[in-house]
Ligand SMILES: *Cc1c(COP(=O)(O)O)cnc(C)c1O
């Protein structure tokens with residue numbers, strides 16, 4: 001039964017494991033692991049950067065990026081809901097002595113350009129030195145369009161700031177945007193990165209590798225990043241075992257993210273149809289997803305019953321409670337990925353329909 005908790009739960013396929021077994025190995029701290037060098041070269045060329053660096057997690061590639069761009073006492077402009085600000089245990093402040101300047105998100109997931117401009121501090125001894133703008137794409141499953149990405153990069157350049165993309169799910173954004181720009185997903189991903197000083201991408205989410213993230217940037221930046229990675233304990237040895245999976249993921253699993261987006265869309269449309277039926281009527285709301293993540297808001301009492309019911313049928317998902325203008329709500333998060341099939345979506349919708357009609361509210 002499907003596990004919708006996250007696209008991080010994806011298991012390496014047999015072909016991916018075979019690539020791991022066959023990987024040529026060296027010692028990556030000596031920078032002579034051939035498979036890791038090959039992955040870093042492949043990704044840098046694909047996304048239009050001079051160099052790349054493999055690290056154990058996206059949390060670490062983001063932290064390495066922030067610590068390589070900023071000095072102690074510098075400031076990074078982030079979104080209130082950015083992973084780099086909210087979901088990384090305050091790493092930039094704790095380990096980097098970098099001050100985050102959070103900004104509220106717009107409804108589409110972006111930061112207003114005016115808000116970014118207004119947050120940039122003048123050169124005055126009262127203030128931290130604003131040094132970096134961080135953008136997250138996708139953000140909560142939403143896609144920030146190419147034009148917006150270009151505007152932020154141009155603003156950073158104009159204000160002489162560095163800019164970094166937390167592109168944990170950049171390829172989901174690229175796959176979603178590619179058709180309207182008549183580009184391949186990889187050319188689209190490269191276009192989204194243009195003008196940015198660095199980007200981090202996750203290999204271990206929808207791309208299906210068991211471990212790992214990449215940080216991309218200029219040669220000088222990656223040289224600094226390599227020192228920070230060592231400092232943080234992220235220097236590893238026979239990483240070819242892991243980077244073979246990453247290389248396989250970049251070569252085989254980008255295009256297919258479109259299937260996950262399609263499955264998410266089917267799930268959301270099914271849920272939308274059910275939202276007027278049985279016990280869901282008046283208690284369930286959702287927006288159609290842009291990529292692989294569906295959020296549904298449901299009244300807490302009903303959510304508890306539904307979560308019990310789904311758990312009994314071994315359907316896994318995550319939930320969180322929040323206060324909205326119309327009262328307390330439970331937000332369910334359904335993440336589609338390589339180990340959730342179209343048949344899993346159909347089975348889940350059947351279960352949801354059974355639930356809707358089996359009780360009265
Ligand atoms: C998952 C994620 C990361 C990194 O997560 P790790 O679990 O540390 O690999 C970073 N940013 C965003 C937006 C993410 O979704």
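Values in this text are rule-based calculations from the coordinates and carry no lab data. As the structure is a computational prediction, the values presented were derived from the model and not from experiment. For neighbour counting, all protein chains shown are included, and Cβ atoms are generated from backbone atoms with ideal geometry for every residue, glycine included.
Can you bin segment 257-358 into rounded, prolate or oblate? Criterion: square roots of the alpha carbon gyration tensor eigenvalues sorted a ≥ b ≥ c, rounded for a/c under 1.5, prolate for a/b above b/c, oblate for the rest. Prolate is the answer for segment 257-358, as a/c is 1.5 or above and a/b outweighs b/c. Going by alpha carbons, how many degrees (0 to 90, nearest 10) lie between the helix axis of 170-181 and the longest principal axis of the chain? Computed tilt is about 80 degrees. Between the helical axis of 240-252 and the longest alpha-carbon principal axis of the chain there is an angle of about 60 degrees.
Place the peptides 219-232, 280-293 in order of packing, highest mean first, counting for every residue the other Cβ atoms within 10 Å and averaging per peptide.
Listed from highest to lowest mean packing, they are 280-293, 219-232.
Against the chain, whose longest principal axis is taken from its Cα atoms, helix 58-69 shows a tilt of about 30°.
Based on the alpha-carbon gyration tensor of segment 1-125 and its eigenvalue square roots a ≥ b ≥ c, which shape applies: rounded if a/c is under 1.5, prolate if not and a/b is larger than b/c, or oblate? In terms of gyration-tensor shape, prolate. Stretching the chain fully between residue 326 and residue 113 yields a gain of 73.7 nm (0.36 nm per residue, less the alpha carbon separation).
Subtracting the Cα-Cα distance from 0.36 nm times the residue separation, let me have the gained length for residue 158 to residue 341 in nm, one decimal. List each step's numbers first, then the result.
On the way: separation 183, 0.36 × 183 = 65.88 nm, distance 4.58 nm.
Answer, rounded to one decimal: 61.3 nm.
Each Cα pair under 8 Å and six or more residues apart adds its sequence gap; the mean of these over the residue count of segment 257-358 is a relative contact order of 34 percent. Between segment 3-49 and segment 302-342, the C-alpha centres lie 32 angstrom from each other. Mean separation of Cα pairs under 8 Å and 6 or more residues apart, divided by the residue count, gives the chain a relative contact order of 24 percent.
Is the chain best put as rounded, prolate or oblate by its Cα gyration tensor, with a ≥ b ≥ c the root eigenvalues, rounded for a/c under 1.5, and otherwise prolate when a/b is larger than b/c, oblate when not? Judged from the Cα gyration tensor, the chain comes out oblate (a/c at least 1.5, b/c at or above a/b).
Centre-to-centre separation between the Cα atoms of segment 100-122 and those of segment 249-271: 30 Å. Inter-label distance, residue 180 to residue 27: 5.1 nm, where each label sits 7 Å from its Cα along the C-beta direction. With the convex hull drawn around the C-alpha atoms of segment 312-359, the volume per residue stands at 113 Å³. Once the C-beta distance of residue 15 and residue 353 is scaled by a Förster radius of 35 Å, the resulting FRET efficiency is 0.45 to the nearest 0.05.
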